[in-house]
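Peer 1: Okay, here's the structure, questions in a sec.
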Amino acid sequence: MSSIVEQIENEIAQLETGAVKSNTGTIVTIADGVAKLAGLSGVMYNEMIDFGSGVFGLALNLEEDEVGCVILGDYSKLKEGDEAKTTGKLLSVPVGKGLLGRVVDAIGNPIDGKGPVNSTETYPVDQIAPGIIPRKSVDQPLQTKYIERITPAWVSDLSCDDVGHRAWTRSAHRARYGDILL
């Protein structure tokens, strides 16, 4: 009897406990790859939602009581009442040379049967575009009068529809500018 008590005391002494904060919710409705989730109070816009079994979603429609989520995977595995957890990460995909020649899905999971993608870095899908390269503003106008003199005026009247109707275009030019053709 004392050996059992000692064994239990040893297991209790080795037990590590800690509080883990997780934001979980449940699927209220799901149809055509879009799910409505309840209970995800701390979700961010564009945050990845984990539905378990390798299926992820993207939180897009944030309402007071519900969250609209686009499913990025096989949504036929999911049903109403299933649990969903926030990941704390915005939608990001793997990047690098490991993706060259690979076929991946929307979140970077390989679907070509060649094993996992060798990538250690991920980039967010929705990020601010890089700025325009600073350059000197235009301070000298482009002289076009010489170009205009060597290009027939009626050529500028051509459009995609008029390419086969050159006679009509010349007639239109004569109506506008008289009989002067360059």
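Peer 1: Taking 7 Å along the Cα-to-C-beta vector as the label spot, tell me the residue 120-residue 9 distance in nanometres, rounded to one decimal.
Peer 2: That separation, rounded to one decimal, is 4.8 nm.
Peer 1: A follow-up question, please. Using a basic spin-label model with each label point 7 Å from the Cα along Cα→Cβ, how many nm lie between residue 17 and residue 137?
Peer 2: Modelled inter-label distance: 6.8 nm.
Peer 1: Could you tell me which of rounded, prolate or oblate describes segment 7-132, using a ≥ b ≥ c as the square roots of the eigenvalues of the alpha-carbon gyration tensor, with rounded for a/c under 1.5 and, failing that, prolate when a/b is larger than b/c and oblate otherwise?
Peer 2: It is oblate, given that a/c is not under 1.5 and a/b is not larger than b/c.
Peer 1: Something else about it: Give me the count of lysine pairs in segment 1-127 whose alpha carbons sit under 20 angstrom apart, restricted to pairs 8 or more positions apart or on different chains. Could you put the intermediate results ahead of the total?
Peer 2: Values: 21/85; 21/89; 36/77; 36/79; 36/85; 36/89; 77/85; 97/114.
Qualifying lysine pairs in segment 1-127: 8.
Since every read-out is calculated from the coordinates, none of them should be taken as a lab result. Since this is a predicted model, take the numbers as computed values, not measurements. Positions of Cβ are generated from backbone atoms using ideal geometry, with glycine treated the same way; all protein chains shown enter the neighbour counts.
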